[in-house]
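Take a look at the structure below.
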Amino acid sequence: MEVADILMRKIKDPRVRSVTVTDVELTKDLRIARVFVTTMERDEAEREVFDGLAKASGFVRVELGRRLTLRYLPELIFMKDISGPRGDRVLQLLEDLHRDETPEQAADTPARPTV
């Protein structure tokens with residue numbers, strides 16, 4: 001939440017305006033934080049967003065240090081979150097399979113037991 005707030009309120013770079021932080025994964029030693037982000041931009045504009053994030057990472061890291069009490073400030077690595085499009089693709093494939101299934105095949109599919 002802190003990274004998202006810093007990006008939204010403190011970073012003035014217009015390239016970073018269209019970013020949404022979706023998740024942060026910290027290594028066990030808390031020295032590296034993978035910050036997953038989504039953006040509505042594509043292709044060259046998306047590369048510019050990530051260039052802006054890379055340029056802002058030092059500032060974001062210092063600002064995190066002011067807000068949080070941590071022994072180490074993690075190195076921030078901004079990464080594209082592809083879970084949304086990947087999930088959409090899986091749902092589409094499942095719908096296609098279901099659409100192609102004949103009524104006989106559907107009737108032969110065993111019901112999942114409930115517990």
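Starting from the Cα of LEU91, step 7 Å along the direction of its Cβ; do the same at ASP13; then give the gap between the two resulting points in nm.
Rounded to a tenth, the inter-label distance reads 3.2 nm.
Taking amide H atoms as placed 1.01 Å from N in the peptide plane, list the residues 5 or more away in sequence, or in a different chain, whose amide H sits under 5 Å from that of THR22.
Those qualifying (amide H under 5 Å, at least 5 residues apart or on another chain) are PHE36, VAL37, THR38.
Taking amide H atoms as placed 1.01 Å from N in the peptide plane, list the residues 5 or more away in sequence, or in a different chain, whose amide H sits under 5 Å from that of PHE78.
Placed amide hydrogens put VAL35 under 5 Å from PHE78.
Could you please rank SER18, SER83, placing first whichever residue has the fewest other Cβ atoms within 10 Å of its Cβ?
Fewest-to-most Cβ neighbours within 10 Å comes out as SER83, SER18.
Which FRET efficiency value, to the nearest 0.05, do you get for GLU41 and LEU70 by plugging their Cβ-Cβ distance into 1/(1 + (r/R0)^6) with R0 = 22 Å?
After rounding to 0.05, the efficiency reads 0.10.
Using the Karplus curve 6.51 cos²θ - 1.76 cosθ + 1.60 with θ = phi - 60°, what ³J(HN,Hα) values do you get for each residue of the stretch 45-62, in whole Hz, with x for Gly and Pro?
5, 5, 4, 5, 4, 5, 5, x, 5, 4, 5, 7, 4, x, 5, 4, 4, 5
Run the numbers for ARG99 and ALA54: contour at 0.36 nm per residue of separation, minus the present Cα-Cα distance, in nm.
11.8 nm
log10 I(q)/I(0), Debye, Cα-only the stretch 2-100, no solvent, q = 0.13, 0.16, 0.21, 0.22 Å⁻¹?
-0.52, -0.71, -1.05, -1.12
At a temperature of 4 °C and a viscosity of 1.567 mPa s, determine how fast the stretch 1-58 diffuses translationally according to Stokes-Einstein, using the Kirkwood radius over alpha-carbon pairs as Rh; express D in µm²/s, rounded to the nearest whole number.
Result for D is 109 µm²/s.
The numbers here are math on the coordinates, done by the rules we state, and not lab data. This is a predicted model, so every value here is computed, not measured. Using ideal geometry, Cβ is built from the backbone for each residue, glycine included, and neighbour counts are taken over all protein chains shown.
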